[in-house]
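To keep things clear, I will list the structure first and then write my remarks on it.
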Amino acid sequence: MLIKKRPSWALSHSDVTPESVYLDRRRFMGGVVAAALAGTGLPRLVDAAAVPVQGESLSYTAMPGFSTDEEKTPYEDVTRYNNFYEFGTGKDDPARYAEEMSVDPWSVTVEGECGRPGTYSFEDLVKPHEYQERIYRLRCVEAWSMVIPWIGIPLADMLKRFEPNSRAKYVYFETLYDPDQMRGQRSLFSTIDWPYQEGLRMDEAMNELSFMAVGLYGKTVPKQNGAPMRLVVPWKYGFKSIKSIVKIRFQEERPKSTWEMIAPQEYGFYANVNPEVDHPRWSQKRERRLPSGLLSPNWIETRKFNGYGEQVAHLYKGMDLTKYY
Amino acid sequence: MALPMPAFKGLVFLLALIPLLWLVVRIVTGSLGPDPGQEVTEALGLAAFQLLIVTLGMTPLSRLFKWQGWIRVRRMLGLFAFFYACLHLMAFLQFILGWTDLWATFTRRPYIILGSLAFLLLLPMAITSTRGMMQRLGKRWKPLHRLVYPAVLLAWLHFLWQSRSDITEMLVYGLVIAFLLALRVRWFGWRSLIPLRKPGA
């Protein structure tokens, strides 16, 4: 009997790698290399927007007049690099732990110097308004910045519905306080006196730039970014843009903001972006526009009022901004 | 202990390299996030601080376990702490400052000054860590190397000053350092903590 012995080097047709697999492998390796380059700051080949945008789709009108055409910070970075100390002080803590917060149902208490105080459901607050998309720069006091496409409502439109009276000189905002849902609030040695609170002068709040955001990248705002609604005041350092708001109060006396209470010499009430006034611990002259790279850090010059001087500089006429920082 | 000295030293060497290797892995896989410079700088500084504390623990460990092996890896650990401190400083200059604003940063920012002082205290210890220097310095070597105590305290303050709202982590580090220093006081007296004291004085 003749037994055909196949030499060990002979490959059968089934051993041939199908072209699709071969191509997939190249694509895979391309991905690995690109991912490696992404960390080093060489041009990113991976499209970070490939990370699917989470949340419910919102319908909105784009507002080019209120938008920058600077390159947007990828969704992935906007939603995984956050300061939201209610969930921990690490930048990736909010993305990891914000899921523990329930935002549905949600209500906001409105009180103080206004004609229509009360507790409003999230739906009641947003229903009368049409959503807009505004692409704003966000400058963090820590000297990094992002460009984020927000979806939301002009703050003035929302506040007017509560009919603030003539004694309403300031508006105060407060974040949810619920240690069961917010692990950062359970920390024993936190110097923050929860709940987180912020405030604006009435004319600042009524400025056309002030925005109440309920979404980003076209969908409902992720919890780590301050769901279901958060403030966006783009000419001020990021900490003024308070997240997950549960209380709005109109008042005559100036409220204190949380960071001002912790370190008044470092964080002022106004907190306007200003390259001429350094933070005591670091310079504010420049910022790292994220995503930044290791080999090519994306440094840019910081602009006064974060580049929104045209819209807001008049609010501070005659004020010494080195004193009222 | 059954572990032969060369194997133990090799093991400690590899363990001390882990922070660096982990950083390399994160750089290569692009998992440092959108602000990698900040991340790298912080990770290197933390590694330096942690290794400095580990170095302080070697004398207590050798007394507790009555084994000289711990003392024999002390110099290597101290040099690793210095190595990470050097990388941390370089990363800070390159990634955070971009070599600008140097004068203001190193003269006006208190936490930077504290960190720099800690580094300056490590420097003479690293230089005099060789056997030759040890012999040349003789009795003066030990008091010089007590600089490690102010160095670790300065490094701790350097971190504490930067914690913005939650000091839990730094309190834990502080307790560990206090415990290690307390052991020294108990065994060798207060004066064993004072650097640069003349031998016999």
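Counting only residues that are part of a strand (DSSP E or B), over 21 Å from A:Lys127 (Cβ atoms) and basic (Lys, Arg), how many does segment A:231-250 have? Show your work before the answer.
From segment A:231-250, those part of a strand (DSSP E or B) are A:231-232, A:236, A:245-250; that's our starting set.
From the residues that got through so far, the ones that are over 21 Å from A:Lys127 (Cβ atoms) too are A:236, A:249-250.
Those left that are additionally basic (Lys, Arg): A:236, A:249.
Count: 2.
Please enumerate the residues belonging to segment A:287-301 that are closer than 18 Å to B:Thr105 by Cα and either surrounded by 19 or more Cβ atoms within 10 Å (Cβ to Cβ) or among the hydrophobic types (A, V, I, L, M, F, W, C) (or both).
At the first step, the residues of segment A:287-301 found to be closer than 18 Å to B:Thr105 by Cα are A:287-288, A:299, A:301.
Of everything in segment A:287-301, those that are closer than 18 Å to B:Thr105 by Cα and either surrounded by 19 or more Cβ atoms within 10 Å (Cβ to Cβ) or among the hydrophobic types (A, V, I, L, M, F, W, C) (or both) turn out to be A:Glu287, A:Arg288, A:Trp299.
If you go through segment A:310-325, how many residues are closer than 12 Å to A:Trp235 by Cα and free of Cβ contacts under 8 Å to residues at least 40 places away in the same chain? Adding up the residues that qualify gives 2. Taking segment B:38-59 as the search range and keeping residues that are touching a residue at least 60 places away in the same chain (Cβ under 8 Å) and touching a Lys or Arg at 6+ places or on another chain (Cβ under 8 Å), which one is nearest to the other protein chains (Cβ to nearest Cβ)? Checking each candidate, the answer is B:Thr55.
Here A:Phe239 fulfils each of the conditions (1) over 19 Å from A:Glu86 (Cβ atoms); (2) surrounded by fewer than 21 Cβ atoms within 10 Å (Cβ to Cβ); (3) among the hydrophobic types (A, V, I, L, M, F, W, C) apart from (1). The set of residues from segment A:105-153 being of a type outside the set (Phe, Trp, Tyr), under 22 Å from the mean Cα position of the chain (by Cα), surrounded by 15 or more Cβ atoms within 10 Å (Cβ to Cβ) and in a loop (DSSP other than H, G, I, E, B) comprises A:His129, A:Cys140, A:Val141, A:Glu142, A:Ala143. May I ask you to verify whether B:Leu87 is farther than 17 Å from B:Trp156 by Cβ and crowded, with 17+ Cβ neighbours inside 10 Å? When the stated conditions are applied, B:Leu87 passes them. Against the condition in a helix (DSSP H, G or I) and basic (Lys, Arg), how does B:Arg184 come out, does it pass? Yes. Checking each residue in segment A:251-277 for being surrounded by 15 or more Cβ atoms within 10 Å (Cβ to Cβ), in contact with a helix residue (DSSP H, G or I) (Cβ under 8 Å, 6 or more places away or on another chain) and not in a helix (DSSP H, G or I) picks out A:Ser257, A:Tyr267, A:Gly268, A:Phe269, A:Tyr270, A:Ala271, A:Asn272, A:Val273, A:Asn274, A:Pro275. Scanning segment A:202-230 for residues that are touching a strand residue (DSSP E or B) at 6+ places or on another chain (Cβ under 6 Å) and part of a strand (DSSP E or B) turns up A:Phe211, A:Met212, A:Ala213, A:Val214, A:Gly215, A:Leu216, A:Lys219, A:Arg230. Across segment A:292-310, which residue is modelled with the highest pLDDT among those that are part of a loop (DSSP other than H, G, I, E, B) and in contact with a Phe, Trp or Tyr (Cβ under 9 Å, 6 or more places away or on another chain)? Here the answer is A:Tyr308.
Number of residues in segment B:155-181 that are among the hydrophobic types (A, V, I, L, M, F, W, C) and part of a loop (DSSP other than H, G, I, E, B) equals 2.
Every test in (1) within 14 Å of chain A (Cβ to nearest Cβ); (2) under 15 Å from the mean Cα position of the chain (by Cα) is passed by B:Leu117 save one, and that test is (1). Checked against (1) crowded, with 19+ Cβ neighbours inside 10 Å; (2) of a type in the set (A, V, I, L, M, F, W, C); (3) in a helix (DSSP H, G or I), A:Ala313 passes all but condition (1). For segment A:61-91, the candidate set comprises residues that are in contact with a strand residue (DSSP E or B) (Cβ under 7 Å, 6 or more places away or on another chain) and among the small types (Gly, Ala, Ser); within that set, the residue that is surrounded by the most Cβ atoms within 10 Å (Cβ to Cβ) is A:Ser67.
The values are calculated or read from the model by the stated rules, or taken from the named source; none is laboratory data. Being a predicted model, the structure only gives us computed values, none of them experimental. Every residue, glycine among them, receives a Cβ derived from its backbone with ideal geometry; neighbour counts consider all protein chains shown.
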